[in-house]
Structures are given as C-alpha cells and as structure tokens.
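The values are calculated or read from the model by the stated rules, or taken from the named source; none is laboratory data. Remember, predicted model here, so these are calculated numbers, not experimental data. So basically every Cβ, Gly included, is an ideal-geometry build from the backbone, and we count neighbours across all protein chains shown. Please note that ligands, DNA and RNA were not included when accessible areas were found on the heavy atoms of the full protein model with its side chains. Shrake-Rupley method; radii C 1.70, N 1.55, O 1.52, S 1.80 Å.
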Amino acid sequence: MCVRMCVCVLIQWRPVGGPLNETSPFDIPRSAVHDGQLYIALNTTGRSISMYRTGDLHTWSPISVPGDIQGCNGLKSTGSGLIMYSYSSTDGGGRPCLHKVSGEEITLLSQSKLPRQVLATFLHAGDHVVLLGGKDEGDTYTTTSSTFNMDTSTWQQTTNAVTSQADGFPALPTAMECAAAIAYDDQHYIVGGYYADDTQVKRAPILQLTTDGTDATCQWKPSPVLPSTYTSVGTTLYQDQIIIAGGYDRVKIQKSSECYALSVSSGHKTALPPLPLPVRWDYTSLAVFNDQLVSIGGRGGEAHNDIHVLDLT
C-alpha cells in the first residue's frame, strides 16, 4: 500500500524505546537497514561514535567502534555489506575512510589517500560508493566527486561536471553541503543541499543523475519535477517515493517539522504527520523498517535521543 493511500487514515508518530544504556544525545545520527536489522550510528561526545543494531526496535545490541574511527557521516546498505563513511584520527588530516560493518564487527575497507573531503554527501550505486561535495583541505566548499569501486578497491576522483559512464560519477554542478543522497533504480538524487554565492545562502535544487547506460555521459541536472527543500533533512525511500522530514531553512533561518513524500516520477507531494513537537528537528535520520517510518534523533536547539515510528501500512 502506498503512502498516498495511507494518509487517508489517521496516523501519528509514536515513541519507541531506544538503546537503554545510551545517555548521550543523538546528534546528527545515521541509520541504514541491512539484512533485516536496523543499524544506527550516533555522533556523541566530541567526535566519538556509538553504534547499535536491532531487529525489532525494542532490543538493541551495541557494536564496539574502534577508537580511531570518528564522526560517522553515512551508512549505506550495499551488495558488498553495510558500509560506513567516517574519518580516521590516525592520519592527522581527517581523510575519509570506509569501514564494513558485519553484525557487531567493524573492519577497515579503505582509507582514502585522495585530497581531504569532509562532510561530503554519501551515495551508493551498484558496486560503487561515492563522496560528493563537502569541504576541501582549505575548508572551502567543493564540487569534487570521489568514487570507490568495491570490486577493485580503487578510488577515482574528479572535478569534471560531465563524465563518461566508465569514468565514475561526475562532480556536482555547484559546491554544496548538508545534502542527502537517494537512489531509485538507475536514478540518483541529491536532496536538501545548500550553497552560498557572494550575497546570500541559497537552497540547491534537487539534482538527478541517470546511470542506465542510455547516455554516453553522466551529468547532475536539476530534477524537472522535484522541488527544492530544506537543508539537513532526513530522507529515505519508500516504494517509488522519497520521504523527506525536518530540516533547516537557511534562507529564513528556521527549522521545520514538516514530513512529506515526493513521487520520483511526478513530483506529487503527499503530506505526512509532522515530526513530533515541541522541538522542530534538523539532522534527523530516517529509515523504513518493517513497514514503519523510523525517525531517529535530530537537532533542534539541542540534540535529542528520541526514536519515533509512523506506520506506513
């Protein structure tokens, strides 16, 4: 049953119990569903990470995170396993590193030797994971695209906005940060980023890229049907719809509790119950787990260790 049919019934968010021994705020959490388990990574005190997994949203198993892993910036379920994008404290430069999470074990997959790229958007596409944008070694916003091939364990980096299908993912058309990445079949979307020109902060449009092989080249382009949205939003995919929640309007300087679904084919917007008040959240993490939309943490003046669910069927 699709979201558009579900909203005809009165549904509301309800709280569920999180990790009982976790007292730190869930600041900028990350989440992913892999092999029937929901994994969450919590950026807690300093840049340390707490990780847990659950099969029922009631019993949470802690995952021991090596001390040199700092600042989790993404979790993606792939055919090669659950991949975590974070940073290493051992190289002194905070260069991106990728780890594989297997049950309660975390092993290093690759530490990038490429130029520093911090707070990039994390995208999964087939046998590749991609870092897009973020900040470079001069703390300047960048358009750079860094593609890691999980089959060959090799990195490829480009600043070209147009690439061939064989040359990895193209760079962003505009340097930005605080965006999320969603993939649906051969369509890839960058949602909720922002950028600054010489006069003001601006919302970036939702960008779309097709990798079905019909075109010889790849290029990020504004979606013809999907509208721009707040930055720092929670995103997830449900059937053929991108669900977006929370976020921050950097133009009006205000947070949002809005939650809605966008059809990737038509751009039709379906309202869902807003995130629970009284605090409006940005940096919440969303996941679809057991036909429920799960909202994890977020930041709205202070960080929150709340977990809420919304029935989708």
Checklist outcome for this item: Taking the stretch 51-81 and keeping only residues that are open to solvent by 30 Å² or more (accessible area, probe 1.4 Å) and in a strand (DSSP E or B), one is left with Arg53, Trp60, Ser61, Pro62, Gln70, Lys76, Ser77
Item to check | Positions within the stretch 220-261 being under 18 Å from Thr284 (Cβ atoms), of a type in the set (S, T, N, Q) and modelled with pLDDT of 90 or more, in sequence order | outcome: Thr235, Thr236, Gln241
Checklist entry - What number of residues within the stretch 117-143 satisfy the criterion of being farther than 17 Å from Ile182 by Cβ and surrounded by fewer than 23 Cβ atoms within 10 Å (Cβ to Cβ)? => result 12
Item to check | Residues within the stretch 246-262 that are touching a Leu at 6+ places or on another chain (Cβ under 6 Å) and under 18 Å from Val309 (Cβ atoms), tallied | outcome: 4
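The rows are residues; the columns are (1) acidic (Asp, Glu); (2) within 22 Å of Thr144 (Cβ to Cβ); (3) open to solvent by 40 Å² or more (accessible area, probe 1.4 Å); (4) in contact with a Gly (Cβ under 7 Å, 6 or more places away or on another chain).
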position	(1), (2), (3), (4)
Val162	no, yes, yes, no
Ala181	no, yes, no, no
Gly192	no, yes, no, yes
Gly213	no, no, yes, no
Checklist entry - Within the bounds of the stretch 180-201, is there any residue that is hydroxyl-bearing (Ser, Thr, Tyr) and in a loop (DSSP other than H, G, I, E, B)? => result yes
Item to check | Failed condition for Thr158, given (1) free of Cβ contacts under 8 Å to residues at least 24 places away in the same chain; (2) farther than 20 Å from Ile190 by Cα | outcome: (2)
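This table checks each residue for (1) surrounded by 20 or more Cβ atoms within 10 Å (Cβ to Cβ); (2) farther than 23 Å from Leu119 by Cα; (3) of a type in the set (A, V, I, L, M).
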| site | (1), (2), (3) |
| --- | --- |
| Thr236 | yes, no, no |
| Ile242 | yes, no, yes |
| Gly247 | yes, no, no |
| Tyr260 | no, yes, no |
| Ser265 | no, yes, no |
| Pro273 | no, yes, no |
| Pro276 | no, yes, no |
| Tyr283 | yes, no, no |
| Ser295 | yes, no, no |
